[in-house]
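The values are calculated or read from the model by the stated rules, or taken from the named source; none is laboratory data. Keep in mind it's a predicted model, so treat the numbers as computed, not measured. Here Cβ is always computed from backbone atoms with ideal geometry, including for glycine, and neighbour counts include all displayed protein chains. Side chains included, ligands, DNA and RNA excluded: accessible areas come from the protein's heavy atoms. Shrake-Rupley method; radii C 1.70, N 1.55, O 1.52, S 1.80 Å.
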Amino acid sequence: MKWLKRSVFMLAALLVLLGAALWLYSRMSLPLTDGSIVVAGPHAPVRIERDALGVPTIKATSIDDAVFGLGFAHAQDRLWQLETHKRIGSGRLAQAFGEPALENDKFLRALGVKRAAARQWALASPEVRAAVLAYTAGINAFLSGAMTARPPEFVLLGLTPEPWTPEDTMAWAAMMAWDLGGNWSTELLRMRLALKLPVARINELIPPYPGELPLQTADYAALFRGLRLDGRLGTQALLAAPPSGVEGAGSNNWVVHGALTDTGKPLLANDPHLKLSSPALWYFARLEAPGLKVAGATMPGLPVVVLGQNEHIAWGFTNTAPDVQDLYIERIKPDDPGQYQTPDGWAPFETFSETIQVKGKPDVVLPVRATRHGPVISDGGTIAGLTGPADKPSYALAMRWTALDPDPGTLEAGLAFSRATSVAEFIAASARYLAPMQNMVVADREGRIGMVSAGKVPVRKAENDLKGQVPSPGWEARYDWAGFVDPSQTPRETDPQRGWIATANQCIHGPEYPHYITSEWAVPYRMQRIEQLLAARPKHTLESLRDIQADVLSLGTVRLLPFIRKAQSSHPLAAAAQRQLADFDGTMAADRAAPLIFWAWARQLTLGVLADEIGQPLLDRTLGARGFRDAIEGVLERDDTFWCDDKTTPAGETCARQADAAFSRALDELQKAHGPDVSAWQWGNAHQARSEHRPFSRVKALAPWFELRAPVGGDTYTVNSSRVAMRPDAATGEMYLNEHGPSLRALYDLADPTKSRVMHSSGQSGNVFSPLYRSFVKRWAAVQYVPLWSAPTEQTLVLTPK
């Protein structure tokens with residue numbers, strides 16, 4: 001028995017030792033936030049004063065030193081996030097995550113984001129160079145002299161943080177443009193659909209904006225048949241590429257003139273809807289230096305306050321989602337695969353060789369090419385079969401995209417926004433902004449309000465009969481861009497008579513506007529609801545603006561309620577479900593059963609109506625980005641038997657029968673997932689806001705520690721937007737998760753900035769051992785805020801130059 005006691009004692013001692021070592025490591029991995037440290041880089045001491053929430057106020061004697069301090073703070077609190085941003089922008093995820101990330105890396109190398117970043121950096125203005133170099137120096141000063149232990153992700157993956165480079169900043173700016181622009185994927189979808197459906201039916205499946213007619217194009221279905229394209233495997237591009245243009249990844253903003261506020265000065269609200277992540281994309285900071293006093297949401301990787309307020313103005317963005325990506329089918333010379341056809345004859349591809357390191361595997365050498373239009377994205381191994389036989393393709397697929405142009409104007413504009421002193425000065429600075437195109441609302445302390453849609457918009461030729469809707473023949477000059485809209489001619493307005501300006505990714509210009517921005521605006525339900533709520537009060541306060549941001553009435557749900565209420569089913573839970581729907585007005589409350597019943601029915605109806613025409617595999621994949629709600633609305637309201645009839649059965653299904661069958665399938669699904677008591681079902685139990693951690697959300701044992709979750713209300717079409725996932729989660733099988741939502745909420749008071757307030761979806765720290773890792777989650781879910789300006793200092797770190 002002595003040996004057993006001795007063994008138990010030794011095991012207990014070992015566990016205590018391991019626990020002590022883990023505790024010690026957890027403390028060492030947290031950054032020093034109080035005291036003084038000597039670093040290389042700043043010209044004078046820099047003070048980083050943090051409040052109890054971890055929000056730093058960075059005080060310096062020059063703007064460059066303030067930006068240095070921002071880089072240092074980002075590295076202290078978000079080092080793993082910076083590492084992932086670096087690896088995404090350069091296509092180097094497989095080096096850290098192994099073979100599962102290889103296809104993603106191939107696509108990004110073919111796209112050439114890092115090559116474009118190098119070209120942009122070479123052309124950067126002196127001001128941009130100074131800011132980026134100072135920011136880079138701040139990150140690297142932490143890495144080289146202040147980090148006492150690597151954050152846990154580096155330890156678990158066996159990685160060492162790499163120095164930041166200026167090109168990493170330029171690449172991450174481009175990747176944010178990628179995230180918010182998805183026209184290329186819609187072009188591919190239309191092309192694949194054209195192999196099954198006529199153009200008129202595709203226009204019903206991807207309908208025009210309400211009140212508009214479909215763009216008149218050539219018969220591209222006939223064009224693709226003539227070219228003998230094979231689109232069966234083209235969807236691999238969508239699987240390999242980072243997500244982009246996801247429905248629900250939009251934003252709201254509005255600004256109210258002082259004539260309609262309780263203070264007599266403007267109030268401004270903004271909530272960008274982006275991918276929820278652990279930690280959040282945003283990091284709050286305040287920067288103070290001679291000529292600069294600004295606070296707001298920064299983004300690790302960028303040396304600017306992206307959204308915020310200074311002493312004179314406040315501003316907020318929503319995504320315009322312009323059509324700034326065109327795909328080109330490049331014909332390869334049959335007897336020389338090194339050349340492709342142009343309007344002037346055959347020309348050689350520009351070629352590059354990319355070496356991709358893969359963890360635990362041999363390096364992969366990837367030859368990639370570019371044409372006069374841009375990178376050949378089919379060289380990423382993603383479009384095989386779409387462009388001919390894999391061993392001898394007849395065509396390549398190239399992309400023209402404004403964000404890859406050698407123009408670093410976006411950062412130049414971002415720096416100018418922080419120092420603008422008026423609405424007019426802000427709008428003038430927006431002329432240098434490139435991508436992603438944004439609807440920018442702005443207000444100043446003099447009482448002016450304004451909006452400008454800033455970004456580089458291509459002009460397509462009058463003879464372009466495809467209008468950027470589908471991949472175009474690259475050898476025909478009529479499909480080339482003819483230039484760009486003059487920056488002074490993008491949509492804008494100032495001080496409108498109605499007393500407010502709002503945008504929610506809806507069409508932001510009238511029929512008289514002379515330039516083409518896009519045909520793929522978001523459905524206007526959020527905008528319509530914001531208009532209703534702004535008109536509901538004679539005067540607005542910060543609290544009334546908060547109530548608008550918290551609103552969960554779904555006008556998209558209201559539109560389809562008559563159809564689900566008429567649905568009949570012999571399912572044993574049908575009567576109880578209809579009782580839940582009887583008094584349901586479309587308010588998507590987290591504690592109600594009706595929103596869950598509605599969304600399960602809507603999803604099953606979408607599958608039942610569209611699967612036979614589109615094909616189940618393509619529909620399943622496409623539902624990751626597009627919900628087809630506008631198509632289903634049209635089908636039901638037209639009672640369109642073409643879509644409602646299931647072509648795989650001998651019977652002729654009506655739309656009413658499809659609605660009935662979808663109701664039964666939805667109840668089967670919900671009974672299995674949530675039990676037989678309909679009154680106990682709750683929307684928030686299924687519709688959880690999940691902030692994904694890269695990569696540990698995919699590791700079952702680690703996900704509960706690194707991933708952040710909260711039950712929420714709302715849906716894809718509410719002002720308090722919480723996109724409903726229409727596909728089961730790949731790792732857990734969960735349905736109706738919310739992974740895109742208000743990544744940031746902000747309310748700005750131009751009369752008294754100390755009342756301005758903000759909130760993002762995680763916490764300031766990216767270190768799971770920090771109490772600030774998840775400190776915002778509950779308050780974010782409850783639509784609560786923290787002060788932007790007025791929190792007292794709790795800790796002060798002084799960076800003393802060597």
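Values computed for the structure shown
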{"quantity": "The chain, relative contact order [Cα under 8 Å, separation at least 6], %", "calculated": "19"}
{"quantity": "For q = 0.13, 0.20, 0.25, 0.27 Å⁻¹, Debye-computed log10 I/I(0) when each Cα of the stretch 616-695 counts as one equal scatterer", "calculated": "-0.64, -1.15, -1.23, -1.25"}
{"quantity": "Theoretical FRET efficiency, 1/(1+(r/R0)^6), r = Cβ-Cβ of residue 26 and residue 201, R0 60 Å, to 0.05", "calculated": "0.55"}
{"quantity": "Candidate residues 61, 410, 649: accessible-area rank, largest first, probe 1.4 Å", "calculated": "61, 649, 410"}
{"quantity": "Net charge, residue 165 excluded, C-beta distance under 11 Å - Lys, Arg +1, Asp, Glu -1", "calculated": "-1"}
{"quantity": "For the stretch 397-505, the spread of Cα positions along each principal axis, largest first, Å", "calculated": "54, 31, 21"}
{"quantity": "Candidate values [x] 39, 33, 31; [y] 60, 53, 23; [z] 43, 36, 27, label of the one derived for semi-axes √(5λ) of the Cα gyration tensor in Å", "calculated": "[x]"}
{"quantity": "Area of residue 587 that stays accessible when all protein chains are in place (1.4 Å probe, Å², to 10)", "calculated": "50"}
{"quantity": "Per-residue SASA entry for residue 479, accessible area with 1.4 Å probe, Å² rounded to 10", "calculated": "10"}
{"quantity": "Kirkwood Rh, angstrom, the stretch 525-599 [1 / mean 1/r, Cα pairs]", "calculated": "14.0"}
{"quantity": "For the stretch 74-91 versus the stretch 526-557, the gap between their alpha-carbon centres in whole angstrom", "calculated": "36"}
{"quantity": "Cβ-based net charge around residue 207, under 13 Å, with every Lys or Arg adding one and every Asp or Glu removing one", "calculated": "-2"}
{"quantity": "Residue 537-residue 478 pseudo-label distance in nm [points 7 Å out on the Cα-to-Cβ vector]", "calculated": "5.5"}
{"quantity": "Ranking by accessible area, most exposed first, for 276, 229 with a 1.4 Å probe", "calculated": "229, 276"}
{"quantity": "Whole-Å semi-axes of the stretch 40-113's equivalent ellipsoid (Cα gyration tensor)", "calculated": "34, 14, 9"}
{"quantity": "Surface per residue (accessible, 1.4 Å probe) for the stretch 415-471, Å²", "calculated": "30"}
{"quantity": "Exposure of residue 16 as accessible area (Å², to 10), given a probe of 1.4 Å and all protein chains", "calculated": "100"}
{"quantity": "Accessible surface of the chain [probe 1.4 Å, protein heavy atoms]: carbon and sulfur percent", "calculated": "57"}
{"quantity": "Gain on full stretching of the segment that runs from residue 651 to residue 53 - 0.36 nm per residue minus C-alpha separation", "calculated": "209.0 nm"}
{"quantity": "Neighbourhood net charge (15 Å Cβ-Cβ; Lys/Arg +1, Asp/Glu -1) for residue 733", "calculated": "+1"}
{"quantity": "Hits among lysines - C-alpha to C-alpha of residue 647 under 27 Å, sequence gap 8 or more where chains match", "calculated": "196, 566"}
{"quantity": "Length-normalised contact order for the stretch 564-650 - Cα pairs under 8 Å, 6+ apart - percent", "calculated": "24"}
{"quantity": "Cysteines, the chain, no other Cys beta-carbon under 4.7 Å", "calculated": "507"}
{"quantity": "Extension gain (nm, one decimal) between residue 583 and residue 493, 0.36 nm per residue minus Cα-Cα", "calculated": "28.3 nm"}
{"quantity": "Lysines with Cα under 27 Å of residue 265, excluding same-chain neighbours fewer than 8 positions away", "calculated": "293, 539, 755"}
{"quantity": "Surface accessible to a 1.4 Å probe, per residue, for the residues of the stretch 1-92, Å²", "calculated": "47"}
{"quantity": "Per residue accessible area of the stretch 676-802, 1.4 Å probe, in Å²", "calculated": "37"}
{"quantity": "Heavy-atom accessible area order for 740, 674, largest first, 1.4 Å probe", "calculated": "674, 740"}
{"quantity": "Stokes-Einstein D in µm²/s, Kirkwood radius over Cα pairs - the stretch 313-377 at 20 °C with 1.002 mPa s viscosity", "calculated": "140"}
